[in-house]
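J.: Encoded as C-alpha cells, here's the structure I'll be asking about.
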Amino acid sequence: MISDATQKHGGFKWSTLSSWSDPKRKAATEKKGGHKLKLPKLWGNKAAQVRRNSVSATDGRTEIQNIHEDTEPVAAPAPLAPPVPLTFEEHLSALHLSEAGRLLLAREERLFRGTEAAREGRRQEDVDALAADRRALEEAVLQTLGNSLDEANTDVLTSAVTFMQQEEECDALWEQRGGMSPPWRLRDWRRVHDETLQGLVKVRMDTPATLSTEQSSIQADLQGMGRQLRCDLLLVAKRVKPCYPRHSDICRQYAAWYHQCIGARLRELADFGLDDRDCTFLLRWVNDYYPQLLQEPQLAADIDTRGLQELLPANLLSPLEEQYLICQQRELTTYVGRILDQAREAWTKGEEPPIEDECFVSPMAYDIIQIVNGMVNAAVKVLGDLQKAQNLIHHLHILLQRFQTFQADVIKCNGANSTAFVKANLGCVAQFRDFLTTHSHLFPEDVRENCLSVLANMRQSAHMFLLCPVHKNLKPHYRKLFSREWLKKSTIGRLRSGLEEEMLQLQSLPESAHQELIGRLHQEVSAKYVSRLLRGEIRLKDKQQQQQAAINVDDDARHLHDFFATHGSKEAWLQEALSMMAEVLKLQDLPAIQFQVASLGSAFPDLSEKHVLSLLKMKSNLTKEDKNNVKAVLAEISPDSSQSRPFFSFVVLK
C-alpha cells in the first residue's frame with residue numbers, strides 16, 4: 001500500500017490508493033441494484049387542489065385572484081442513496097485520467113503487491129486485463145500531452161499531470177520494496193513527458209504558419225517561427241502553466257525546448273550560405289526580435305533567459321557578422337562618395353551652394369551624419385553589441401579625408417565660387433564636430449580622434465583661406481599701430497575702421513562657423529598687435545612713459561575686445577593677455593615685475609624667454625641683470641595647463 005508519507009511529489013498531494021472502493025463490494029452493490037435511484041415521495045396521497053389565477057380586464061386593469069390550496073401534510077423526504085463509483089472504463093471515457101490511474105494502481109496493488117495468497121491466486125486473464133487497461137490509459141495520457149497546445153480542456157491536462165505524478169511515486173515505491181515492476185508497465189514518466197512535448201514543439205516549429213509576403217523563403221520562415229513561438233509561449237503561460245505545479249517551471253522548460261529547436265534551424269540556415277539581405281535579417285532576428293519576444297511582460301516573469309545558450313555558436317556567428325559589416329561598409333562608402341561627387345560636380349560647374357537665412361549652407365554634413373548615425377544604430381540592433389557595431393565606421397576618417405581633399409581643391413583653384421564653398425564647408429565642419437562630440441559613444445576613441453584631427457585641419461585651412469585677404473588689407477594699419485604719436489594718442493581707431501570694412505567679407509556663414517571665424521580673427525589681430533608692440537621700436541625711458549604705455553595697451557585691449565565681441569567673438573581671454581602685459585610695463589619694483597611675469601607665464605605656457613626679453617626691452621631703466629632675473633622665473637613656474645590657451649606661439653618675433 002502507498003503510505004501517506006509518499007503522497008507528495010514536488011508539492012502535489014493525493015489520497016492513498018487503499019482509500020478507493022473494493023471492486024468486489026462494488027460488484028455486489030451493483031448486483032443488488034444499488035445503482036438504481038428511487039425518487040423520494042415528496043407529496044401526500046391526496047392531490048393538491050389549486051385554483052388558477054383568473055385575469056379580468058375590467059376598466060383596463062388586471063385582477064389576480066388568490067390561490068387557494070387544499071393539501072395534506074407533506075411527508076419527510078427519504079434519504080438519497082450514495083452515488084455509485086464510476087468504473088475504470090467510465091473514468092477513461094470521460095478522460096478522468098488521474099482517477100482512472102488510481103483504479104489501476106489499486107488493481108496493481110492487489111495483483112502484485114498484496115498478500116502472498118492473493119498473489120498466488122491471481123489469474124493471468126486479470127493480469128492481461130490490467131496490462132490492456134494500462135496501455136489504453138497511457139495512450140490517452142500521451143494523446144493529451146500531444147494536444148496540450150491546442151484548445152483542449154485544461155481539466156484533462158491537469159488530470160494527466162496528476163496521473164504522471166502518481167506513476168512516479170509508484171515507481172519510487174517499487175524501488176523501495178526491491179521488487180520488479182511488470183515489464184509492460186511504462187516507467188520514467190518525466191522523461192516520457194519531456195520527450196513527448198519536445199516532439200510536439202519540433203512539429204510546430206517545422207511547420208510554422210507563414211504569411212504571403214515579398215520576403216525571401218528564409219525571411220518568411222524566420223518570421224513564421226517567431227509568430228509560432230510567441231503564440232505558443234503565450235498559450236503556455238496563460239493556459240498550460242496552471243495545469244502544472246508551481247515547482248515544475250513549465251514555462252521555462254517550453255522556452256528551452258523552443259530555443260533548442262530554433263537554434264538547430266538557425267544553424268542549418270547559417271551553414272547553408274546566405275546572401276547579404278538574408279544575412280542581415282537573420283542577425284537582426286537573433287539579436288533584436290528574438291530577445292524582445294522573450295522579454296514581453298506576459299513572458300518575462302516566467303522565463304529566465306540567462307539560462308539559455310547562444311542560438312548560434314561563434315564559428316557560425318562570426319562569419320555572418322563579418323559579411324554584414326563588409327556589406328555595410330561598402331554601402332557607407334558608396335553613399336558618402338555619391339554625396340561628395342554631387343558637391344564637386346556643382347562646384348566644377350561654377351554653381352554656388354544654396355543660401356538659407358542669408359548663409360551659404362551645404363547638405364553634405366547633414367546627409368552623411370544621418371547615414372552614419374542610422375547605420376551604426378541599426379548595426380547595434382543587428383549585431384546586438386555596440387562595440388561590434390563600431391567596427392562599421394573604423395574607416396570613417398578616410399571618408400572625411402576625401403572631404404578634406406575636395407576642400408583643398410576648392411582652395412587651390414580659388415575660383416569665383418570657391419569662397420562660397422569654403423564658407424559652406426565650414427558649416428559642415430562644425431556639424432561634424434558637434435556630432436562626434438555629442439554622440440561620442442558611437443565611435444571608438446581612436447576613430448573619433450582621427451576624425452576630429454581631419455576636421456581641425458579643414459577648419460584651419462578654411463580660416464587661412466578666408467582671413468589671409470583680411471590681414472593683407474589690414475597690413476597698412478598694423479604698421480601705424482605704434483608710431484611716435486602712440487604714447488600721446490592711441491592709433492587703434494584706424495585698425496578698427498579697417499576691420500569694420502573687412503567684416504563685410506566674412507558674412508554669409510552659419511552662426512557657429514561665423515563665431516569661430518571671428519574668434520580666430522580676434523586672436524590673430526591681437527597677436528599682430530603684440531608682435532608689433534614687441535618689435536623693439538618703442539623705448540620707454542621713465543616711469544611716466546611706462547605708465548602711459550600701460551594705459552594705452554590696456555585701452556587698446558579693451559577696444560579690440562569690444563569690437564570683436566560686437567561681431568560675435570567669445571575670446572574674452574585675449575583682453576586679459578594684453579592687460580597682463582600692460583601691467584608688466586607699469587610696474588617698477590623688480591620683485592613685482594617678476595611676480596607678474598610668472599603669472600603671465602602660468603596663464604600662457606607658450607610664453608617664451610624671447611617674448612619676455614622683448615617686453616622688458618621696452619623698459620629702458622632695467623639693467624641686463626634685472627632682465628635676466630625676470631626671465632629666470634619662467635623656469636620655476638608650473639603652467640596651469642587646464643586653463644591655458646595658445647597665444648604667444650602666434651606672436652612672431654624677428
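The values are calculated or read from the model by the stated rules, or taken from the named source; none is laboratory data. Bear in mind the structure is a predicted one, so any value in this text is a computation, not a measurement. Neighbour counts run over all protein chains shown; Cβ positions are idealised from the backbone, glycine included. We work out accessible area using only protein heavy atoms, side chains counted, and drop any ligands, DNA or RNA first. Shrake-Rupley method; radii C 1.70, N 1.55, O 1.52, S 1.80 Å.
J.: If we count every other residue with Cβ under 13 angstrom of residue 254's Cβ, Lys/Arg +1 and Asp/Glu -1, where does the sum land? Show your work: numbers first, answer last.
T.: Values: positive: 202, 204, 230, 238, 239, 241, 252; negative: 194, 232, 249, 302, 304.
Cβ neighbours under 13 Å give a net charge of +2.
J.: Let me ask something else about it. State the percentage of accessible surface on the stretch 546-598 attributable to carbon and sulfur atoms; use a 1.4 Å probe and exclude ligands, DNA and RNA. Working shown, then result.
T.: Working: 1120 of 2140 Å².
The computed percentage sits at 52.
J.: Hey, another quick one. Could you give the length gained on full extension between residue 227 and residue 209, defined as 0.36 nm per residue of separation minus the Cα-Cα distance, in nm? Numbers along the way, then the final one.
T.: Working: separation 18, 0.36 × 18 = 6.48 nm, distance 0.80 nm.
Working it through step by step, the gained length comes to 5.7 nm.
J.: Give me a comma-separated list of calculated 3J(HN,Hα) values for the stretch 457-468, in order, Karplus coefficients 6.51, -1.76, 1.60 applied at θ = phi - 60°, integers in Hz, x for any Gly or Pro.
T.: Once θ is set to phi - 60°, the couplings for the stretch 457-468 become 5, 5, 5, 4, 5, 5, 4, 4, 4, 7, 9, 4 Hz.
J.: What does the charge count near residue 285 come to, summing +1 for each Lys or Arg and -1 for each Asp or Glu among other residues with Cβ under 13 Å from its Cβ? Let's see the in-between values first.
T.: On the way: positive: 227, 230, 265, 277, 284, 381; negative: 221, 278, 288.
Charge balance in the 13 Å sphere: +3.
J.: To continue, here is another question. Calculate the spin-label point distance for residue 491 paired with residue 405, positioning each point 7 Å from the Cα along the beta-carbon direction, and give it in nanometres.
T.: 4.8 nm
J.: How big is the gap, in Å, between the Cα center of the stretch 537-557 and the Cα center of the stretch 221-270?
T.: 87 Å
J.: Report, in debye and to the nearest 20, how large the dipole of the stretch 224-274 comes out about its Cα centre when Lys and Arg carry +1 and Asp and Glu carry -1 on their Cβ. Could you put the intermediate results ahead of the total?
T.: Working: 9 positive and 4 negative charges, 66 e Å.
It works out to roughly 320 debye.
J.: Right, here's the next one. Could you compute the FRET efficiency for residue 385 and residue 136, with r as their C-beta to C-beta distance and R0 at 41 Å, rounded to 0.05? Display every interim value, and only then the final one.
T.: On the way: r = 55 Å, r/R0 = 1.33.
That pair, residue 385 with residue 136, gives E of 0.15.
J.: Oh, and also: Taking only Cα atoms of the stretch 214-311, what ratio of Rg to Rh do you get with Rh as the Kirkwood inverse-distance radius? Before the final figure, lay out each step's value.
T.: Details: Rg = 14.4 Å, Rh = 14.3 Å.
That ratio equals 1.01.
J.: Let me check I've understood the local charge: for residue 583, count other residues with C-beta under 15 angstrom from its C-beta, Lys and Arg +1, Asp and Glu -1. What total comes out?
T.: Result for the neighbourhood of residue 583: -1.
J.: Rounded to the nearest 0.05, what FRET efficiency do residue 559 and residue 276 give with R0 = 41 Å and r taken as the Cβ-Cβ distance? Could you check? Display every interim value, and only then the final one.
T.: Details: r = 64 Å, r/R0 = 1.55.
My answer for the efficiency is 0.05.
J.: Counting other C-beta atoms within 10 Å, and keeping those with at most 15, which DSSP coil GluC sites (Glu not before Pro) do you find in the stretch 411-514? Write down the numbers at each step before the final one.
T.: On the way: sites: 445, 449, 485, 500, 501, 502, 511; in loops: 485.
Those that pass, being in a loop and sparsely packed, are 485.
J.: Label residue 480 and residue 500 with points 7 Å out from Cα along Cα→Cβ: what is the distance between them in nm?
T.: Each label point lies 7 Å from its Cα, and together they span 1.4 nm.
J.: Please get the size of the charge dipole for the stretch 525-654, origin at its Cα centre, with Cβ charges of +1 on Lys and Arg and -1 on Asp and Glu, quoted in debye to the nearest 20.
T.: On the way: 17 positive and 16 negative charges, 110 e Å.
The dipole of the stretch 525-654 has a size of about 520 debye.
J.: Multiplying the sequence separation of residue 314 and residue 330 by 0.36 nm and subtracting their Cα-Cα distance, what value in nm do you get?
T.: Details: separation 16, 0.36 × 16 = 5.76 nm, distance 2.39 nm.
Between residue 314 and residue 330, full extension yields an extra 3.4 nm.
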